[in-house]
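One structure below.
The values are calculated or read from the model by the stated rules, or taken from the named source; none is laboratory data. If you're wondering where the values come from, they're calculated on a predicted model, not measured in any experiment. In this analysis, Cβ positions are derived from the backbone assuming ideal geometry, glycine residues included, and neighbour counts consider all displayed protein chains. For accessibility, only protein heavy atoms count, side chains too; no ligands or nucleic acids. Shrake-Rupley method; radii C 1.70, N 1.55, O 1.52, S 1.80 Å.
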Amino acid sequence: MFLPGMKLGYNKKTGKVWSLTSWLDEEDPNKGMFELKMDPTNSNAVKLMRGSEPIWSSGPWNGHIFVLMPEMRLNYIFNYSLYSDENETYFSYSLYNPGTITRFILDVEGRMKESAWLESTQEWNLFWSQPRQYCGLLNICGSFSSCSDETDSCQCLQGFYPLENRQGQNGGCMRSMPLTCNKDGFIKMNDVSYPLSSTQQINATNPFPYSRPQVSSSHKDSCKEACLNNCSCSAYAYNTSGHCLRWYGDIVDLRQLSSKDPDGHTIFIKLSASEFNNGRVLGANKYLWIVAIPAVLLVLLPASYIVIRWKKSFKNKGDREDPSQDILLFDMEMSITTSSGEFSGSENSGKRRKGKLLNGKEIAVKRLSKRSGQGLEELKNETMLIAKLQHRNLVRLLGCCLEQ
């Protein structure tokens, strides 16, 4: 609990930190997974941590308020202050009316709540809380994913798919096709909030590895070209003030707003050239697909039926008490690259190679031999058997491909 007169900050000489932590649960006052503390590397912004991951920030102190908390301007109860000298830096507050009883807590779900005691009803009245929305948590969806304010849910950006079959809670997404550096294109996203960039790993010396876009004054076409010709540039935008904004590395904290939200912006996300057909994103031209459907319907329907039945059979035969063991289907050409070197093993059991996913994760890949005589049922049975094996000396099965 953070009460008037208490300190939220740090001692510069001893390294002591004054922070606010959540309970482990509603009944257990031991330290939970959330912590509110000051960030000396970001103009003394207050940040909310989930373990070692920052999920919310107040923005830097501008001398009167924290810049990402405009509601502090409408204050009539508290007198805020930020004190700093050669020994310590801390944020504190006092009450204009000493007769008012208030409390500030960090609950077990990571929400900051300020309440005032109402003598008439003998209860606490909540009048301020942050983050107000699910999407208000920093990087809640992970890289290259957007959080919808309307549905409080995460979704991969077009041209990306969920990383390790997870989405939301920092699962993140990865590219379907790698960039070619100078022959790529952009997809347009409207009604979004400008995101952040994440180009570093979180560690003890770098607890807040997010950065805002690089801003410059240039023509709209020059802005696009600058991002296109830089291999590290992931997105760009051109605002109404004539400024070019460019993001480098992973895109994080992108929010999809309502079309009526006045704070909505337009951003252009870079995609591989192979995702486009004559300047149009593949799959986005509905007229082309309407024409193509009759021609390929007889081919796609039987194939789709087989794949759906095959995936269902995995779920039906798997451990029904653990749905997380469902097998992920990979596209070999689009998702996995393999080296030419092979592991040792029997030819009858299939070739084994070292491989990589598009996110750089090293994997082992077994390709079935034609001489193995293994059919679809054998493949399913073996895959489910391996998926159920859990041991510290065994690598985890990520999924499989069903091709040719």
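Of the solvent-accessible surface of the range 6-130, computed with a 1.4 Å probe and all protein chains present, 51% belongs to carbon and sulfur. Each residue of the range 129-135 was assigned a 3J(HN,Hα) from its phi angle through the Karplus curve 6.51 cos²θ - 1.76 cosθ + 1.60 (θ = phi - 60°); the sequence is 8, 9, x, 6, 10, 4, 6 Hz, with glycine and proline shown as x. Residues whose amide H falls under 5 Å from that of residue 59, counting only those 5 or more places apart or on a different chain, are 46, 68, with hydrogens built in the peptide plane.
Taking a Cβ cut-off of under 15 Å around residue 251, the surrounding Lys, Arg, Asp and Glu residues balance to a net charge of +3, with basic ones at +1 and acidic ones at -1.
Rolling a 1.4 Å probe across the protein heavy atoms gives the range 6-130 an accessible surface of 56 Å² per residue. For the range 6-130, rounded, prolate or oblate, judged on the Cα gyration tensor with a ≥ b ≥ c (square roots of eigenvalues), a/c < 1.5 rounded, else prolate if a/b > b/c? Oblate, since a/c reaches 1.5 and b/c is not below a/b.
Please identify every one of the GluC sites (Glu not before Pro) in the range 5-111 that sits in a loop by DSSP and has no more than 11 other beta carbons within 10 Å of its own beta carbon.
26, 27, 86, 109
Couplings 3J(HN,Hα) for the range 231-243, derived from phi with the Karplus relation 6.51 cos²θ - 1.76 cosθ + 1.60 (θ = phi - 60°), are 4, 8, 6, 9, 6, 9, 8, 10, 8, 5, 8, x, 9 Hz, where x marks Gly and Pro. Amide H to amide H, with H built 1.01 Å from N, residue 101 comes under 5 Å of 117, counting only residues 5 or more places away or on other chains. Annotation: amide H-H contacts under 5 Å for residue 95 (H modelled 1.01 Å from N, sequence separation of 5 or more, or interchain): 79. Placing unit charges on the Cβ atoms of the charged side chains and taking the dipole of the range 6-130 about its Cα centre, the candidate lying farthest along the positive direction among 82, 105, 29 is 82. With r as the distance between the Cβ atoms of residue 217 and residue 26 and R0 = 35 Å, compute the FRET efficiency 1/(1 + (r/R0)^6) and round to 0.05. Calculated value: 0.10.
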